[in-house]
Structures are given as C-alpha cells and as structure tokens.
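Visitor: First the structure, which I've put down as structure tokens, then a few questions once you've had a look.
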Amino acid sequence: MLFCHSQPESYHQHSASYIREALAPFLKNEEARLMAESGAKRSPFQYILCAATSPAVKQQEETLTYLNQGQSYEIRMLNRKLVEYTDISSKYVKSIVRVVFHDRRLQYMEHQQLEGWRWNRPGDRILDLDIPLSVGILEPRSHPLHLNTIEFLWDPVKNASVFIQVNCISTEFTPRKHGGEKGVPFRIQVDTFTTNEHGEYMEHVHSSSCQVKVFKPKGADRKLKTDREKIDKKAPQDREKYQSSHETTLLKECSPWPDALNLTSHSSSSTPSPVYHSSPASCSFTDGNCSPNQQGELYMPGCADHLLPSSSPQDIQQWLQRHRFSPFSRLFSSFSGADLLRMSREDLIQICGPADGIRLFNTMKGRCIQPRLTIYVCQQQARNQLPIKQVAVDIYHALYLEELTVVDLSEKIAMLYSITPQQITHIYRQKPTGIHILVSDEMVQNFREEASFIISTIRDENTDGYHIVLK
C-alpha cells in the first residue's frame, strides 16, 4: 500500500541543489575532512534533521539539538547517488527510525524504562510518523510493541522527507527530586537496509544518529534562545571554544542499533500491526462466523525467545546480543544454556552488577510484563456445531491486552482468526435487548478483568472485511 505524495517535477530536477542546500552549513567545516576521505569508500546516504543545533556545545563534542514534544520535524533522506555513483541493487530501501537513550546506563535498562512509560501513558507512542507531511515514503509501519520505532520504504533515486514526532520529554526518565531536574539526552537513529537474494530487507547498508533533548511545547525554543544569549555574553576568545549553531542537524554515521536486524526480520514475518500489509493466512468464513485455522492458546507477546538448557554456546552469544547483553558476551563465551540457567540471581548480580544482573536474571527466567486486561472469548460457530447427543463444552481463548484500545483488541482478535486487523471493519457489543453498540477505547477501558464474550462475525458487503460482535 502506497503512503506517499506525488512529488513535483522540480523536486526531481533540482535534487542536486536540494542536497547542497541541506548540507550547506556543514560544507565549510568538513571540507578538509571530506577531501581526506575522498579515497576511501563513502556511505551512499545522508540524513538531515531540520532542527537547529545548540551553540552551547564545545568544540570536538557531539552536537546537541533541542526538540519540542509532539512537534513534527523533518528528516531529509538523501542519497549521494545523485551527485556521485553508488551501487544500490534494490529499487527501494527500508529505513528504521528509532528514539533511544544516549546514556549507556539507560540503554541497559531500556526495556524497563519504556514499559514504565507505557503504563504511565496508555495508548500513546514515544515516536510517531506524520504521514500527511511526509514525502516519498511507502508502507509506513509502527509496531504496537515497539513504541519508539517506525519503519518505511523509500526510493533512493528520488530521495524522501519523513516527518517525525517525539511524544516523550527528557525529564520523564529522570528521578524526581525537588524540581529543576536535568533531562536525559536521547538519540535519533536511522538504520537503512536493502534486500538480500530472497527479497527480504536484511542487508544493512547504513546507520547514523544524532543527540537530542526533548522539552515540553515551546521549551526547545526557549532553551535555544537562552543558549545563544549565554554564548553572546562570553568574550570572543571564549566563544571560539564552542561550536557554531546550524539551522539543521547532520546525523553522524554510527554502528547499527543491536535490535535493528532482529526487528527487520520480525517485521518481515506475519505478525500483525496497525499498518501491516502482508497477505493474511487462509480463513474460512461461513454463515457469518469464522473458525481460526489454529485452535491453540494465544501466547502472551514478549514471552517468546526463552533461554533453553539445550542452547549451545553459539546460541547463547546470539541470545545475549538480541537482549542487549553484548558487553558480557566474552564473559559467557563458553557457557551453554544449562550453565547460565544454573546461576542464581545473586551470582549474576555479583558478576554483572546490580542493574544488569537483575535484568539478565529476569530475562533468563522469561518474566513477562503483565497484560493490562485479560478477557476470554468463545466462537459462536463452535457452539452450534456440536452433535445433539454430545455435552456442549464451550472452548474459550484468552486475549491479553497490553493497551486498552480498540486497535489492540482488533489485533488480538485478528490473531485468533488468522486475519489482518485491516479486515476487521468495526467491533460491536451486543446488549441483551439485541442492540449493537460500537466499541470505543473508553468501552474497552471499562471491560471487567477476565470478562467472557461470545464472538460472532458479520460479513461487510461493501468491503472484504468483517464486523465483530461481542455478546
């Protein structure tokens, strides 16, 4: 499905000037370095965040950019193929944009920090994509379990502009003391992949990132103004110690984020999401009802990928990488799954330290974040197809909701029926009087814990979708 605006001819005709304009603030300072690197292989991509850098950053330090919470900021996706030849075999490339912690300490605790934010801000995302303003992107996706990540395809020949919104602020992850706490810095990172021989976007080609801080609305503008006034008051010889402020921020090349490849392979699977466009599994609908192809109990998301006693040392190394324990890879290089599982919580704390030791222990034991709501559903067709002489036994399936929203409920029902969430047109609640009430987020929030429902489906004659009725 295409989510892109048609671009005017001038956009393509003047792409080279578009690149020069975006990079103009940096060309003067980096000309010598680029000339020195002219003999080396250079990355084909360049990413520009259209937000001003702070002037209160000393020379030789990384740039710092201030953003306003919820405001749309453009990231220009540039391909140097327009000005110098590079070999990109696939027509499209996939870019994954994420907001992550800059501090290493918080990176180790990322999962716990993001889950805490999810509980405090139910239904919200850390990173959103402003589709109406974005240009030249295809198939944008945002997975409901990855609140800080978005991904999309784009044509490297034509360039693209993607507008993002960061909905968290830096002080939300700072321990509360007496007010005036200093907010933690984030990183905006872009990882780009091209297709392999199987047509999957698994071949990493480029990654770059920049450091940002996010303030409440208008706070970034005030902070930038304060920094400029502070630098202007300094003596000329002191001002030379600080970087010049630029109107745009150049993302610096970096290593790929550890979870990027894992997320890419995960998004290539059939896991549904609000904007996922894969081919649904076959599902037979008869008499307005549907039976899923798989009758097994649904598993709780995030509980997969358990550590097994039979895991080899090579499997352990891959498992440590996937769960962001790479600093301890050498330490556990000869450990099998059984060796690691024999270790107690105290052993791991002594070896890895309190924070990482506790996180590693919880991850090893497969401790999952508890769902916010559990409901049980039974398919009406299964009730009506029992032989007359057989005792009727209703078979219910458990649905675990991490977000109390209609979107999350639709996804869980779609997983049960082996269809995509897009095929569910509406969800209704049928009252004893027979009336159908449209289910809203507010209604989901008022569902009782472990409430039971009987599900029936009604085919939507106008589309290929279905109406879900909860009785």
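Visitor: Simple spin-label model, 7 Å along Cα-to-Cβ: Lys158 to Asp394 in nm?
Guide: So the label points at Lys158 and Asp394 sit 5.2 nm apart.
Visitor: Read phi for every residue in segment 96-113 and hand back ³J(HN,Hα) as whole Hz from Karplus 6.51 cos²θ - 1.76 cosθ + 1.60, θ = phi - 60°, with x for Gly and Pro.
Guide: 10, 9, 9, 10, 10, 7, 7, 6, 4, 4, 6, 4, 5, 9, 4, 4, 5, 5
Visitor: Explain nothing, just compute: Karplus ³J(HN,Hα) = 6.51 cos²θ - 1.76 cosθ + 1.60, θ = phi - 60°, for every residue of segment 208-225 in order, whole Hz, x for Gly and Pro.
Guide: Going residue by residue, I get 8, 8, 8, 9, 9, 10, 10, 10, 4, x, 6, x, 5, 5, 5, 5, 5, 5 Hz, with x marking Gly and Pro.
Visitor: Moving on to the next point. For segment 106-190, with all protein chains present and a 1.4 Å probe, just round the carbon and sulfur fraction of the accessible area to a whole percent.
Guide: Details: 1860 of 3310 Å².
The C+S portion of the solvent-accessible surface of segment 106-190 is 56 percent.
Visitor: Right, next: Can you compute the charge dipole magnitude of segment 313-365 about its Cα centre, using +1 on each Lys and Arg Cβ and -1 on each Asp and Glu Cβ, nothing else charged? Give it in debye, rounded to the nearest 20.
Guide: For segment 313-365, the charge dipole is close to 160 debye.
Visitor: Next question. Cut-off 17 Å, label point 7 angstrom out along Cα-to-Cβ of Ser255: give me the residues of segment 316-338 whose amide nitrogen falls inside.
Guide: Residues 317-333 fall inside that zone.
Visitor: Using a probe of 1.4 angstrom, how much of the accessible area of segment 313-365 is carbon and sulfur, in percent?
Guide: On the way: 1400 of 2750 Å².
Within segment 313-365, the accessible surface is 51 percent carbon and sulfur.
Visitor: Please compute the Kirkwood hydrodynamic radius of segment 313-365 from all pairs of different C-alpha atoms, in Å with one decimal. Numbers along the way, then the final one.
Guide: Values: mean 1/r = 0.0924 Å⁻¹.
10.8 Å is the Kirkwood radius here.
Visitor: Continuing with this model, one more query. Counting Lys and Arg as +1 and Asp and Glu as -1, each charge on the Cβ, what is the dipole of segment 146-246 about the Cα centre in debye, to the nearest 20?
Guide: Values: 17 positive and 14 negative charges, 230 e Å.
Dipole of segment 146-246, to the nearest 20 debye: 1100 debye.
Visitor: Taking each pair of distinct Cα atoms in segment 373-470 once, what is the resulting Kirkwood hydrodynamic radius in Å? Write out the running numbers ahead of the final one.
Guide: Details: mean 1/r = 0.0703 Å⁻¹.
One decimal place: 14.2 Å for the Kirkwood radius.
Visitor: Moving on to the next point. Taking H as built 1.01 Å from N, whose amide H comes closer than 5 Å to the amide H of Gln71, not counting residues under 5 places away?
Guide: When sequence neighbours closer than 5 places are left aside, the close amide H contacts are Val166.
Visitor: Only Lys, Arg, Asp and Glu count, each charged at its Cβ (+1, +1, -1, -1), so figure out the dipole size of segment 43-253 about its Cα centre, rounded to 20 debye.
Guide: In debye, rounded to 20, segment 43-253 gives about 1000.
Visitor: Using mean Cβ contacts within 10 Å as the protection proxy, how do 407-419, 122-134 order, highest first?
Guide: Numbers: 407-419: 21.3, 122-134: 16.5.
Order by mean packing, descending: 407-419, 122-134.
Visitor: Using a 1.4 angstrom probe, figure out how much accessible area segment 373-470 has per residue, in square angstrom, rounded to the nearest whole.
Guide: 53
Visitor: Separate question: Given R₀ = 35 Å, what would the calculated FRET efficiency be for Ile358 paired with Arg448, taking r from the Cβ atoms and rounding to 0.05? List each step's numbers first, then the result.
Guide: On the way: r = 34 Å, r/R0 = 0.96.
The pair Ile358/Arg448 has a calculated efficiency of 0.55.
Visitor: Considering the options Ala398, Ile454, Ile427, tell which one lies farthest towards the positive end of the dipole of segment 373-470, charges being +1 on Lys and Arg and -1 on Asp and Glu at the Cβ, about the Cα centre.
Guide: Value computed over the given set: Ile454.
Visitor: What number comes out for accessible area per residue over segment 43-253 if the probe is 1.4 Å? Units Å², please.
Guide: With all protein chains present, segment 43-253 gives 45 Å² per residue.
Visitor: Would you kindly state how much longer the chain becomes between Ile131 and Arg459 on full extension, computed as 0.36 nm times their sequence separation minus their alpha carbon distance, in nm to one decimal?
Guide: Details: separation 328, 0.36 × 328 = 118.08 nm, distance 3.01 nm.
115.1 nm is the gain from fully extending Ile131 to Arg459.
The values are calculated or read from the model by the stated rules, or taken from the named source; none is laboratory data. Keep in mind that what you see is a predicted model, and the values were worked out from it rather than measured. Cβ atoms come from the backbone with ideal geometry, glycine included; neighbour counts cover every protein chain shown. The protein model used for the area step is the full one, side chains on, heavy atoms only, and it has no ligands, DNA or RNA in it. Shrake-Rupley method; radii C 1.70, N 1.55, O 1.52, S 1.80 Å.
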